[in-house]
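Structure, as structure tokens:
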Amino acid sequence: MTKEEIRAAIFDLSEEERHSLLAEFSVDLVVDDINFSRKELLDNKQGCCPHCQSTNYRKHGMDKGSQRYKCKDCGRTFTEFTGTWMAHLHRKDLVEDYLKLMEEELSLDKIKNRLKINKKTAFDWRHKILSACKQQSSDSFNGITESDETFIT
């Protein structure tokens, strides 16, 4: 089965069946893995300052539940979210749920009702996520491209 066939089969399920299926698989989101590994790297002194790329930094208190670090070279502070689309979000605890609802292709109104957030917040988050995805996939294509037919009019 191809990815598209699986996706079509999933969307043929009722909404309740889709939620049940997601709960069974307990899908781990890539974003959580990235943030977790970035925090682990910083805590183990294997990361670097996002401002000057120095590896000379120390822990510098907490900021809204996130560990803050201070670079000894440039003097600036940062968290594991600095430089990511999640920087400056007030409700980071809702990101995982938001991404799951976004994967289900729900409208902004349905997402805002389920998460009890403002529609403007849902809109802003969607555009931050899409912008981050666009930046990651902006690499040039390398490889062989084949085509069956070419129509020139």
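The values are calculated or read from the model by the stated rules, or taken from the named source; none is laboratory data. Because the structure is predicted, anything quoted here is derived from the model rather than measured. Cβ placement follows ideal geometry from the backbone for every residue including glycine, while neighbour counts extend to all protein chains displayed.
Suppose we keep only residues that are within 21 Å of residue 18 (Cα to Cα) and hydroxyl-bearing (Ser, Thr, Tyr) within the range 80-126. Which one would you say is nearest to the chain's Cα centre (by Cα)?
By that ranking, first place goes to 98.
Scan the range 1-34 for residues that are surrounded by 12 or more Cβ atoms within 10 Å (Cβ to Cβ), under 28 Å from residue 84 (Cα atoms) and modelled with pLDDT of 50 or more and jot them down.
Across the range 1-34, the qualifying residue is only 22.
Restricting attention to the range 74-101, report how many residues are in a loop (DSSP other than H, G, I, E, B), among the hydrophobic types (A, V, I, L, M, F, W, C) and crowded, with 18+ Cβ neighbours inside 10 Å.
Going residue by residue through the range 74-101, those that are in a loop (DSSP other than H, G, I, E, B) are 74-76, 79-91.
If we keep only those that are among the hydrophobic types (A, V, I, L, M, F, W, C) too, we end up with 74, 81, 85-87, 89.
In the following step, the residues that additionally are crowded, with 18+ Cβ neighbours inside 10 Å were identified as 81, 85-86, 89.
Number of matching residues: 4.
Suppose the filter is basic (Lys, Arg) and under 16 Å from the mean Cα position of the chain (by Cα); does residue 59 pass it?
Answer is no for this residue.
Read through the list (1) outside any loop (DSSP other than H, G, I, E, B); (2) more than 27 Å from residue 7 (Cβ to Cβ); (3) without any contact (Cβ under 8 Å) to a residue 24 or more places away in the chain; (4) among the hydrophobic types (A, V, I, L, M, F, W, C), then give the number of the only condition that residue 152 fails.
Result: residue 152 passes all but (1).
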